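Step one of this worksheet: look at the structure below.
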Amino acid sequence: MSWQARRRRLARGLWWSAQLLAAHRLRTVLSISGLLVGVAALMVMVAVGAGAERRVLERVRAMGINVLVVNAATAPRVAGRPRQVSTLTVLRPADAEAIAEGSALVAAAAPMVNQALVASWSGRNARVTVTGTTATGLRIRDVQAAAGRLFDDADDRERRRVALLGRSVAQNLFGPSPPVGQQIRIGSVPFEVIGVMRPRGTDVGGTDLDNVIFLPLETAMRRVLNIPYVHALFVQARSSADLEALDAEVREILLDRYGLRTGLPVPFVIQNQAVLLRTERGAARAMRRLTAGIAVMALVVGGGGIVALMLLSLRERTREIGLRRAVGARRRDIKAQFLLEAAVLSTAGGTAGVVAGVLIAALASLLGPWDLVISWPAAGLGIVCSGVLGLIVGTAPAARAARLEPIQALHGD
């Protein structure tokens, strides 16, 4: 048989299968409902997992690329005395220089201070996070200017009163007015706005990174906060593969600078991007295993519905099968017809499930706070697996139909 003849026969079979299934709409819908619900749930869960993974990766990248963050440890409580500060005050700007000089794995290192303060302009007030760092610190954290400019080493060295605003701060204080060149107050200290940052989103803890004002480090430490210590050190590795080794080197350098002995509490905590990413990927793997389990359950339930419909259809179409056999249809023709109907049924259920899942995910993303990402490879895989399932579960009813003898089938036995 030529390829054109096979194609015509397949087209006729598809048309006939569609006509038969359309003739019993309610039964068809009920039989594919299991697949529809299962595949839709699979699409929504994959979208939720992909959205959560993307959100975490974006927040980790907001810290900077290949970065260790050395934070001052929480200050211990002393019985009978109120705690004056929440964190220890041991970190110094020189620690960043020592780390950069003491490790060959370091690309850059910068100190940082931050504190929540009130910024004001023309009668408008906004509570913001004031962050002081160096020009190197801005590069490590990938801070870029959407308007104006970033401050440089000269601004820091001369303790100039210049400020770089996050987008949220600019909107809250200035609204539609351009902020660059204007003068704001942080506490009681005046600052000139030299730039507005590009949007940066949120960090791993969910903090709005656009509700921030960046100041030169020396300006922040001496003119605003009046402190000799820093709150954190940002250390950038040359590559992500060096983060684990760099973690150990930074710890060794700082412990050596502080002269700490074994057994004493360490006055700093190192936050490693590699650990955060490993945790996130572990959660993603758990989500994928859960999704795979739901997909298997959906296929089992959907396959059961298809088998039930095919067996019922076989019982009702016994005389039709006998008539087709009597006029020359071969066993393999009858078997192919039933397999084709099962494949059409399951593919329709999978396709309807993908459409429903995409619509539900899009609606949830619009109405709720969820960040959902539609996975089109997962959608295609769902449809393909549904079609394959139809062929598998339709094998038994198709073989049973093909074994019917013409005389018995015509008598309805």
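Worth a mention:
- Residue ID - nearest to ALA145 (Cα to Cα), chosen from residues in the stretch 169-202 that are in contact with a Phe, Trp or Tyr (Cβ under 8 Å, 6 or more places away or on another chain) and among the aliphatic types (A, V, I, L, M): MET197
- For the stretch 165-263, the strands (runs of 3 or more DSSP E) that sit wholly inside it and include 2 or more residues that are among the small types (Gly, Ala, Ser) and under 18 Å from LEU68 (Cα atoms) are 232-237.
- Each residue in the stretch 350-394 was checked for being in contact with a Gly (Cβ under 6 Å, 6 or more places away or on another chain) and more than 10 Å from ALA47 (Cα to Cα), and 7 pass.
- Selected residue (criterion: modelled with the lowest pLDDT) from residues of the stretch 184-240 that are surrounded by fewer than 21 Cβ atoms within 10 Å (Cβ to Cβ) and hydroxyl-bearing (Ser, Thr, Tyr): THR202
The values are calculated or read from the model by the stated rules, or taken from the named source; none is laboratory data. Note that the structure is predicted; figures quoted are calculated from it, not measured. Ideal geometry is used to build each Cβ from the backbone, glycine not excepted, and the neighbour counts take in all protein chains shown.
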